[in-house]
Number of protein chains: 4
Amino acid sequence: MKKVHQIKLRSTMTVGELTEEMRLAGVMQGGRVGKAVDILTEMFSDNSYTTFITLSGPLVPGGLRLVIRDLIKDGYVDAVVTNGANMVHDLVEAMGRTHYIGTTNVDDEKLFENGYNRAYDIFIESDTFVEIEGFIGKLVDDIPEENRNGIAIHEFLYEIGKRLDDDESVLKAAADKKIPIFSPGFLDSMLGIPLWLYSKQKRLVFNPLKDFDLLADMVFDAEKSGAIILGGGTPKHHTQYIHTLRDGLDAAIQISSARVEDGSLSGAPLKESITWGKLRKNKLEEKTATIFGEITSIFPFIVAATLEKMDKKVSS
Amino acid sequence: MKKVHQIKLRSTMTVGELTEEMRLAGVMQGGRVGKAVDILTEMFSDNSYTTFITLSGPLVPGGLRLVIRDLIKDGYVDAVVTNGANMVHDLVEAMGRTHYIGTTNVDDEKLFENGYNRAYDIFIESDTFVEIEGFIGKLVDDIPEENRNGIAIHEFLYEIGKRLDDDESVLKAAADKKIPIFSPGFLDSMLGIPLWLYSKQKRLVFNPLKDFDLLADMVFDAEKSGAIILGGGTPKHHTQYIHTLRDGLDAAIQISSARVEDGSLSGAPLKESITWGKLRKNKLEEKTATIFGEITSIFPFIVAATLEKMDKKVSS
Amino acid sequence: MKKVHQIKLRSTMTVGELTEEMRLAGVMQGGRVGKAVDILTEMFSDNSYTTFITLSGPLVPGGLRLVIRDLIKDGYVDAVVTNGANMVHDLVEAMGRTHYIGTTNVDDEKLFENGYNRAYDIFIESDTFVEIEGFIGKLVDDIPEENRNGIAIHEFLYEIGKRLDDDESVLKAAADKKIPIFSPGFLDSMLGIPLWLYSKQKRLVFNPLKDFDLLADMVFDAEKSGAIILGGGTPKHHTQYIHTLRDGLDAAIQISSARVEDGSLSGAPLKESITWGKLRKNKLEEKTATIFGEITSIFPFIVAATLEKMDKKVSS
Amino acid sequence: MKKVHQIKLRSTMTVGELTEEMRLAGVMQGGRVGKAVDILTEMFSDNSYTTFITLSGPLVPGGLRLVIRDLIKDGYVDAVVTNGANMVHDLVEAMGRTHYIGTTNVDDEKLFENGYNRAYDIFIESDTFVEIEGFIGKLVDDIPEENRNGIAIHEFLYEIGKRLDDDESVLKAAADKKIPIFSPGFLDSMLGIPLWLYSKQKRLVFNPLKDFDLLADMVFDAEKSGAIILGGGTPKHHTQYIHTLRDGLDAAIQISSARVEDGSLSGAPLKESITWGKLRKNKLEEKTATIFGEITSIFPFIVAATLEKMDKKVSS
């Protein structure tokens, strides 16, 4: 058995140098962060991996928009599976509106009267969601009507993404790179009602079963398959579930603050997914890291360290 | 300011007598449980309420199948908004298969080899999900083909429910009572792949935007609107979101173990929903209870106590 | 393997009838609540058990003062192991001051200016803690000076308890019944500074090692040993730790909302305690219940149901 | 209102460069990590601060032993307030035994039979705690007997520390630097029983009220006072509580995974401490960071970034 290594800190050490100390420490959540860097480095370096990233919680408004965009742009992920909200917030920024640094220490009735919505400590002007109705309407108008009849959700998000004029956009980066964005609960987002109203006046019909065509092809074609699971919800489940078609993932990291004890999939450790055929045999100890924590305080360190580790592999 | 009441216990006290002690205590999660009984009693007694119940986490396999069925059968809820999984597990029981009392203290690789899936401490035979493919296929065959083209998810669940022969079924009870079941992420369930495979051979096309027609009608028509929010995920968000069409809910209770601090909607307190127009003004203190906890250990007490309180109102 | 039982609710069912339904359900936290009732019934019925109860978190101000008092008064527990705070709050009530039903939705700077302290949604007048200084001073004055030199903490709490004139007091009930109250971190309470100031003027010297004499005797003498672990902290650890002197507890329930994943003992499941010799072999599955949840919303149900179950045993 | 900054990652960026990106993002837990670096930089740079660090949870066995030692050695902290366990684990390493990288995925009964104790995923040989009895006995023997009669806990820990021959030891570093280590629940550690047994044969009497003398002097003398609160329990409360003697802390960061909703102090946000006079007025927004998370995965980044930021201040 290996000894717990005692972490040594230095001023101006790189993120990768510190996560390597944590990997050697080997225990607690710090040890898992270190291990996650190794797993991600393998996923990103080995071309035989098809890599899925799942997004739940307010990651785009929480400061991770460019982190996600760059993972797409740099070719590190092959598919995104997201809640609807992160794509809505990507559009919010793409249309020139923004998210504000707020506080939880606030009178919510007054805040609402002053024209703000709140997600934890992020504020957003309420009229943003009025404006987005017109914005999305114009984008949808531009999609040829014949393509709007029975469109898969990933196709729709592709059509939107390729019509955006914002280099910082996740949707645009994915469209540019032809990386599909799946969103099984997409209509349960702030675009649900606007798109429904649109469909009352002009043609717009979604066909969500069609999304399975591409998803299934991707997991069938994958030589190896990996997942970066950020949060729970439908994005996590959908990604794990589709992998039952191929005896499970070959590698995965997850970051979640959800409880194990209420039995929901959001909090389920990767260990449990073995029993569903969602994770391949004998991968648990070496190729997975189940990290307890909040995403914005952990994932940036893991990605920065992974980029560094990959550079070192190349240069060595 | 009211003093904290000190709870007094007695042998053979009824559930309602104990939750009334907790209501008087007035603080901590116990106080909120007591308050939730009052709020539910109002929702269930006052016919002007349209009441939504949302289901996330393994509630049907966790022992709450009849609790939910009875809320439907007895006319206490007017709409169900659920993750897909609870409906799948309702079908599992309806087709004569079952859920087993397992343990978390298990070797998951062996468990899988022995033919079981695990959700926390619930076991289920893996071949159940093979069998369900044929079972659902026959049910769908029986739906007239013209109705299978562009079907809303609540319509599909109604068609399934009315074809079940199991009085304990949530789906059947809802169909019998014409209570709609909405499930915005329905295809992200163990039926997603079977239904997709079905759609490759026979006609089956879902139109999820169509679900908004009925949902919107319900919230527009509601004189008052209430929600019982069990867990987070798309069911919680969808229910709150549709209420932006009518300036918010009039009353709500929620039970969740999700964290506030990761900013996800699953953990958001009802207070935050004021800023989104999902909860009416001046309702927070009197008409909401945000309860931290796990559902199966709390919700049965609240419902049993509510039934008792309603009986007392009637008889007094 | 047993099937998950589906819980059936009825109006005016007793608490014990409902927890029995939950026990039969057998899974999730509801199942553990049901199981805890069985374990407590055994502890309370079988005289060979020495039963410890541990108290952390604001249980006395949270409405459980009489619940704890009655467990002592009725002879169900043989020792209390508590944080200091619960005893301070017991004194607050004993001197005629009280705790108020507050809210978390408050401006804390204003609240403080208005003379209130806040613990979650419990308010308490700040001057209560000025008044308690004189109150405790008089009580200590009344303890013969020779007894104040090298006094164990449980002896001190006994001396205080027997001088209180409040039948609702936990301290008094314990003194009356000669049930020891241990508090390994007692001086880390709102009495720490007042007692330190007292010791600057008059004789008062604590000897905390002396507490081990009685604790050790109790676990050595116990034929069987059980624990009701409410929350974490020093009370939980101390109780488990002292049982290393006798190869561990024979039975235990715990209710805690602490995370497993940060490695602290507060969140550790009873399973882990096996490896420390704190829980006897082969007891885990039958004689323990590790419940995730908040105490005031769960423990009253367990106790009321246990009282009922014991009555039924007697009358049958 | 400031906009949420979108974090930009680069390979080989330093830890401080990344936490600065997070600080600018300004929201969610990532934003709080960034803010904590600023607060710590102020505490460490401004000599008018007296800085307390509190330790709960398995930090020393979890890989943070040298991180804590260096904060002491480099003069950044003026007092340590700790649970007993971290000091026991420091002694374990000092006597040449160690902690092992284990797993939570284990049969605990077998693990115990094989001679290991487990704390989450950290393993330790059970006989370590037999050996420590002799080890501590010899150290205590070496303390002059007259000093062992009525010794404060911080004095005892100083006597132990100065007798250790291990440059990596927290206890030794603190003794060398004359930094006091307070531990209000010290005897509730794996040394409680060995020290009690020792006291049965030779003189050893603790006087815990005596610890308040130095603690009170420190907070009275502090021009400004700051706290680094790692975890909850008695170390957190004790540090906050002693600051009621001076109208509260001037600055504080805390990292905790404990819930707010069970009302325990462990989970209480720094905001709540205002109402107890534990945090000075008008400090909340600028001088505190309440971080939700697990310590080993977050604190090393904060410290490394703080060291870097201080170097930059010096060199600029």
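So here's what we get for this one:
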read-out: Inter-copy label distances at C:Phe220 (7 Å, Cα→Cβ; nm, one decimal); value: 4.3, 7.3, 8.0
read-out: Which listed pairs, of D:Lys281/D:Lys313; A:Lys309/D:Lys35; A:Lys3/D:Lys202; C:Lys172/C:Lys312, have C-alpha distances above 32 Å, in listed order; value: A:Lys3/D:Lys202
read-out: Gyration tensor verdict on region A:100-243 (Cα atoms; rounded if a/c is under 1.5, prolate if a/b is larger than b/c, oblate otherwise); value: oblate
read-out: Alpha-carbon centroids, region B:118-196 and region D:220-279: separation in whole Å; value: 52 Å
read-out: Portion, in percent, of the accessible area of the protein assembly as shown that falls on carbon or sulfur, probe 1.4 Å; value: 47 percent
read-out: Between helix A:233-242 and chain A: long-axis angle, C-alpha atoms, 0 to 90°, nearest 10; value: 70 degrees
read-out: Solvent-accessible area buried by pairing A with B, both sides, nearest 100 square angstrom, 1.4 angstrom probe; value: 5500 Å²
read-out: Per-copy distances of the C:Asn149 label point, shortest first, in nm (7 angstrom along Cα→Cβ); value: 1.1, 10.1, 10.1
read-out: GNM flexibility winner over chain C from C:Leu249, C:Leu66, C:Leu111 (Cα, springs under 10 Å); value: C:Leu111
read-out: Peptide ranges C:156-162, C:226-232 listed from the most packed, as the mean C-beta count within 10 angstrom indicates; value: C:226-232, C:156-162
read-out: Length-normalised contact order of region D:1-141 in % [C-alpha pairs under 8 Å, at least 6 apart]; value: 15 percent
read-out: Among C:Val37, C:Val67, C:Val170: highest mean-square fluctuation, GNM of chain C, C-alpha pairs under 10 Å; value: C:Val67
read-out: In degrees, nearest ten, helix A:84-94 long axis to first principal axis of chain A (Cα); value: 70 degrees
read-out: Accessible solvent surface per residue of the protein assembly as shown, calculated while the other protein chains remain in place, 1.4 angstrom probe, Å²; value: 32 Å²
read-out: Inter-chain shielding of D:238-249 (mean C-beta neighbours from other protein chains, 10 Å cut-off); value: 2
read-out: Per-residue average of Cβ from other chains inside 10 Å of A:195-205; value: 3
read-out: Gyration tensor verdict on the protein assembly as shown (Cα atoms; rounded if a/c is under 1.5, prolate if a/b is larger than b/c, oblate otherwise); value: prolate
read-out: Bridge type composition, the protein assembly as shown - antiparallel percent by DSSP, nearest 5; value: 20 percent
read-out: Anisotropy class of region D:206-297 from Cα gyration tensor, a/c 1.5 cut; value: oblate
read-out: Taking chain B and dividing mean pair separation by its residue count, relative contact order in percent (alpha carbons under 8 Å, at least six apart); value: 23 percent
read-out: Helix axis angle, A:153-162 relative to chain A longest principal axis, alpha carbon, degrees; value: 80 degrees
read-out: At 7 Å out from Cα toward Cβ: D:Ser48 inter-copy label distances (nm, ascending); value: 6.0, 6.4, 6.8
read-out: Average partner coverage of B:83-93, which counts Cβ from other chains inside 10 Å; value: 2
read-out: 5 angstrom amide H check on D:Thr51, placed H, neighbours 5+ away; value: D:Asp78, D:Ala79, D:Gly226
read-out: Chain A, closest residue to the rotation axis toward B, by beta-carbon, whole angstrom; value: A:Gly185, 2
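The values are calculated or read from the model by the stated rules, or taken from the named source; none is laboratory data. This structure is a prediction, so every number in the text was calculated from the model and none was measured. Quick reminder, even Gly has a Cβ in these numbers, built from the backbone with ideal geometry, and neighbours come from all protein chains shown. Areas reflect the complete protein model, heavy atoms only, side chains present, ligands, DNA and RNA absent. Shrake-Rupley method; radii C 1.70, N 1.55, O 1.52, S 1.80 Å.
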